[in-house]
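Notes follow once the structure below has been shown.
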Amino acid sequence: MTLLVLGDCHASWSMLIDAIDVAVARHGVTAVIQVGDFGFFPLYFPLLEKMLINRPFRVPVHVIEGNHEDHAWLWAQAADGAFNRWAKEFNLIVHRRGDVASVAGITVGFLGGALHADRSQHGSTAKGTTNWVTNREADRAALAFNATSIDLMVTHSCPHSIGVGIHGSAELFLAVERYIQAKGFDGGPYDDCGEPALVRLWKKLERSPKSWVFGHFHTHREAEVGETVFRCVGSIDGSDGRNAPLGYILNPGNWTWETVELSVLKPTQGLKP
């Protein structure tokens, strides 16, 4: 069994489906994890349903929410039983914050959500609809993760100030001050930024996962912190400036990662004018 990890999607459904089809055909991928900013908005999501109704995902696709989603709408869908329908009809499995699941033969911990760096935070802590991960959610997730042995951690962002080394974007300096720091959140230093609640989670973990994957920053980075390798998997919609979507394939048997290009060759590509 092999596992494909994909970055932010932002409702680029065609690119997502093509990338998964290429990974299955070329690399024999048996399951997919997508790390948030999937595109859970009531205006967009019906478009994906129309695409998948006659062509469901070829393998199980496990997703979390990022910060750019309509969280109130998403959790209302969960309450109405949509998650079960999506899993049955589309092979789309949505994981809530703190879920633990076996995927491709390994134990995975899921914790979606992240702070906005470019706009006001939204949602209600009382109703559990915040875009960011709350301390209470981090504590609940730590209890669930410590009850088993997590091989792979999947979050939308990463902890700050622990050595992952994610750099903040210079063009977001003022926005970070306005929407994060001024609201009482600690996003960490410029050269090692991330989520305060994920720092809390990291400190509460009794056993370190082998790997920790995340997106959010639209870049690609790998850093080893203690016994855990953190991997930022970028995005698959072109927002990281690359010409082709990239995926990360994990072989759980020997725990090796491979970076693969997942572009689809169009009929006109490679032909001379």
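Summary table
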read-out: Conditions (1) modelled with pLDDT of 95 or more; (2) touching a Leu at 6+ places or on another chain (Cβ under 8 Å): number failed by A144; value: (2)
read-out: Among the candidates E89, E65, E49, residue that is more than 20 Å from G7 (Cβ to Cβ), in contact (Cβ under 8 Å) with a residue 40 or more places away in the chain and among the acidic types (D, E); value: E49
read-out: Cross-chain or 6+ apart pairs with Cβ under 7 Å, segment 163-178 first and free of Cβ contacts under 8 Å to residues at least 60 places away in the same chain, then part of a helix (DSSP H, G or I); value: G165/D191; G165/D192; H167/Y190; H167/D191; G168/V176; G168/Y190
read-out: Number of the exception - E69 against (1) within 15 Å of the chain's Cα centre (by Cα); (2) more than 24 Å from M15 (Cα to Cα); value: (2)
read-out: Segment 198-235 - residue that is part of a loop (DSSP other than H, G, I, E, B) and within 14 Å of the chain's Cα centre (by Cα) and, of those, nearest to I150 (Cα to Cα); value: G215
read-out: Residue in segment 110-119 that is among the aromatic types (F, W, Y), within 26 Å of I20 (Cα to Cα) and surrounded by 20 or more Cβ atoms within 10 Å (Cβ to Cβ) present; value: yes
read-out: Among the residues listed as S169, S102, the single one being modelled with pLDDT under 95 and either out of contact with any helix residue (DSSP H, G or I) (no Cβ under 7 Å at 6 or more places or on another chain) or surrounded by 14 or more Cβ atoms within 10 Å (Cβ to Cβ) (or both); value: S169
read-out: The listed residue being farther than 30 Å from P252 by Cα and touching a Gly at 6+ places or on another chain (Cβ under 6 Å), out of G194, G184, G188; value: G188
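The values are calculated or read from the model by the stated rules, or taken from the named source; none is laboratory data. What you see is a predicted model, and the numbers here were worked out from it, not measured in a lab. In this analysis, Cβ positions are derived from the backbone assuming ideal geometry, glycine residues included, and neighbour counts consider all displayed protein chains.
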